[in-house]
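Encoded as C-alpha cells, the structure appears first; notes follow it.
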Amino acid sequence: MPLTTTTIGAFPKPDYVPISDWFSAPNGTDTADPTRDYEMELARAGGAADALFARATADVVADQADAGIDIITDGEVRRENYIHYHCRRLAGIDFAVRTEKQLRGHYKASLPTITGPVRAGTPFLGQEWRTAQAMTTRPLKMTLPGPLTIGDTVADAHYGDARVRGHDLARAINAEVRDLAAAGCRHIQIDEPLFARQAANALAFGLDHLAACFEGVDAGVTRTVHICCGYPNELDAVDYPKAPRESYLELAEALDGADIDAVSLEDAHRPNALGELLPRFRDTIVVFGAVAIARSAVEPAALIAARLREALRFIEAERLWVAPDCGLGFLGRELALAKLRNMTAAARMVG
C-alpha cells in the first residue's frame, strides 16, 4: 500500500486572487512590512473577494487531488501569510499599532502589537473548512499558527512574559480548533516552526501550550504539529540562516511523548541523520519532508523513493507520511505540481 501523502499548508496563489502574500513581497518572507497591504487589497476587491477566494480554493484543491495527494489543504489562499491572517481575528492584537522588531536574528519588520489580553474572536475556520471540504471527496486538513510562533511574529506591549502570553494564545487557538473539530474536520495542524529555533522554550512550556491548543478534541482528529527549520527569503537562496540542525534531536523524544498524533519535519532541504532521529519517534506519525519548497530543481521520483526507503529502515510504513518540507508558495503552480507528482509517484514506489 502506498505511503500516505499530504501537503503542509500554503499553495501558490492563482494570479486572480485579490491579495498578495509574503512569498511575493519585497525581500520575500523577510519583508519589512508583512501586514501593510492586506486590508487595502481586500477593500479594492470589494464584493468580488469571496467569490475569488472560493474559486482559488477550488482550483488549488483540485490541483492537489490531481497530483495524487491523499490529505490536502485549502492552500491558505485567503491568507496574506500563515500567522497574521489568524492574528487579525484575535482580540488584543492591534494591527493599527505596529512596532519594529528584530526577527529570526537577521532582519527587522514592522509588526502588529499585542496591546491587551489575547482572546479568541468569532470562530471562522470551521466555515472555511466546510467550504473547502465541499469541493473534494479527499480529507482536507486545516492549519493554524501556534502560540510560540505567533508570539515571536508580533510585538508584545502587554505581557512581557512568553509563558503567560503563550498560555492566552493557546486558549484562543483552542477555540478555533474546537470549532474545526465540531464542524467535522479530521486533520488539524498547528504550525510551530519556532520550536526548532527556540527548542529550550518549546521544552519548557511550548509543548504544554501545544497540548492546550488541542484540549477537548476527540480521538477521531489527527492532531499534527508542523516544525520546519525556517523559510528562506527567496527561491534558491544560498546560506539562509535556518534553525539549528540539532533541534529535532533535542525535541524528538518530548514530541513523541506529547499529546499529539503526528509531527511534520523537513528533510529535503537539509537531510537529517535518520538512524539517529527516527527511532526516537516510537508512537508518533512522522510527516516526512521529501521535496524542497525553496529550490527550483525538481527532485526525481526515484531519488525521493530512495530517501523514503532509507527512512523506512527506522520507522514502519503506517507511521511515515510524505509531504513537502513546508508550504509551496515560492514555487509557482507548475513547479509545485511537478514536485508533488514526483513525490506521490515515489510514495507509490515504496508502498
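Rule-based calculations on the coordinates, nothing more; no lab input. Because the structure is predicted, anything quoted here is derived from the model rather than measured. A quick note on method: Cβ atoms are made from the backbone with ideal geometry, for glycine too, and the neighbour counts reach across all protein chains shown.
With the convex hull constructed from alpha-carbon coordinates only, region 263-351 shows a mean projected area of 5.1 nm² over all directions.
Based on the alpha-carbon gyration tensor of region 2-99 and its eigenvalue square roots a ≥ b ≥ c, which shape applies: rounded if a/c is under 1.5, prolate if not and a/b is larger than b/c, or oblate? Prolate shape, in that a/c is at least 1.5 and a/b is the bigger ratio.
Model label points for Arg333 and Ala297, set 7 angstrom from Cα along the Cα-to-Cβ axis, are 2.8 nm apart. Taking every DSSP beta bridge that has both ends in the chain, the antiparallel portion is near 25%. Based on alpha-carbon centroids, what's the gap between region 145-201 and region 266-300 in Å, whole number please? Distance between centres, Cα-based: 24 Å. Here the simple spin-label model places points 7 Å from the Cα toward Cβ, and for Arg313 and Thr115 these points are separated by 5.7 nm.
Based on the Cα coordinates of region 22-173, what is the per residue volume of their convex hull in Å³? Please list the in-between numbers first.
Details: hull volume 19.6 nm³, N = 152.
Residue-normalised Cα hull volume stands at 129 Å³.
Between Asp239 and Ala48, 0.36 nm times their residue separation minus their Cα-Cα distance comes to what?
Numbers: separation 191, 0.36 × 191 = 68.76 nm, distance 4.12 nm.
Working it through step by step, the gained length comes to 64.6 nm.
Sorted into 10 angstrom bins from 0, the C-alpha pair distances of region 174-238 split as 20, 40, 27, 12, 1 percent.
What ranking do Met40, Met142 get, fewest neighbouring Cβ atoms within 10 angstrom at the top?
Values: Met40 10, Met142 23.
Ordered by Cβ neighbours within 10 Å, fewest first: Met40, Met142.
Computed on region 28-350, with alpha-carbon pairs under 8 angstrom and 6+ residues apart, the relative contact order is 14 percent.
Can you tell me the length gained on complete extension of the stretch Ala273 to Arg341, counting 0.36 nm per residue apart and subtracting the Cα distance?
21.9 nm
Rounding to the nearest 20 debye, state how big the charge dipole of the chain is about its Cα centre with +1 on each Lys and Arg Cβ and -1 on each Asp and Glu Cβ.
Values: 37 positive and 48 negative charges, 45 e Å.
The calculated dipole for the chain is roughly 220 debye.
Listing Asp37, Asp218, Asp94, Asp50 from fewest to most neighbouring C-beta atoms within 10 Å gives Asp218, Asp50, Asp37, Asp94.
What do you get when you divide the Cα radius of gyration of the chain by 2.2 N^0.38 Å, with N the number of residues? Walk me through the numbers before you get to the answer.
Values: Rg = 18.7 Å, N = 351, 2.2 N^0.38 = 20.4 Å.
The chain yields a ratio of 0.92.
Dividing the helix sum by the residues of the chain, where each DSSP H run of 4 or more adds -39500 (n - 2.57), gives a mean residue ellipticity at 222 nm of -10000 deg cm²/dmol. Comparing Val118, Gly230, Leu340 along the charge dipole axis of the chain, the residue lying farthest to the positive side is Leu340, per the Cβ-charge model.
Across all Cα atoms of region 203-351, the radius of gyration (one decimal) and Dmax (whole number) stand at 15.5, 43 Å. In terms of the mean number of neighbouring beta-carbon atoms within 10 Å, the peptides 119-126, 95-102, 181-188 order highest first as 181-188, 119-126, 95-102.
Give the lysines reachable from Lys108 as a straight Cα distance under 26 Å; neighbours fewer than 8 places away on the same chain don't count. Correct list for Lys108: Lys13, Lys242. Across region 69-86, computed HN-Hα scalar couplings (Karplus, 6.51 cos²θ - 1.76 cosθ + 1.60, θ = phi - 60°) run 6, 7, 10, 9, 10, 7, x, 6, 5, 7, 9, 6, 7, 6, 9, 6, 4, 6 Hz from first to last residue, x flagging Gly and Pro. In this rough spin-label picture, where each label sits 7 Å from Cα along the Cβ direction, the Ala96-Asp259 distance is 3.9 nm. Remark: region 174-186, residue by residue, has Karplus-estimated 3J(HN,Hα) of 4, 4, 6, 4, 5, 5, 4, 4, 5, 6, x, 5, 9 Hz, where x stands for each Gly or Pro and the curve is 6.51 cos²θ - 1.76 cosθ + 1.60 at θ = phi - 60°.
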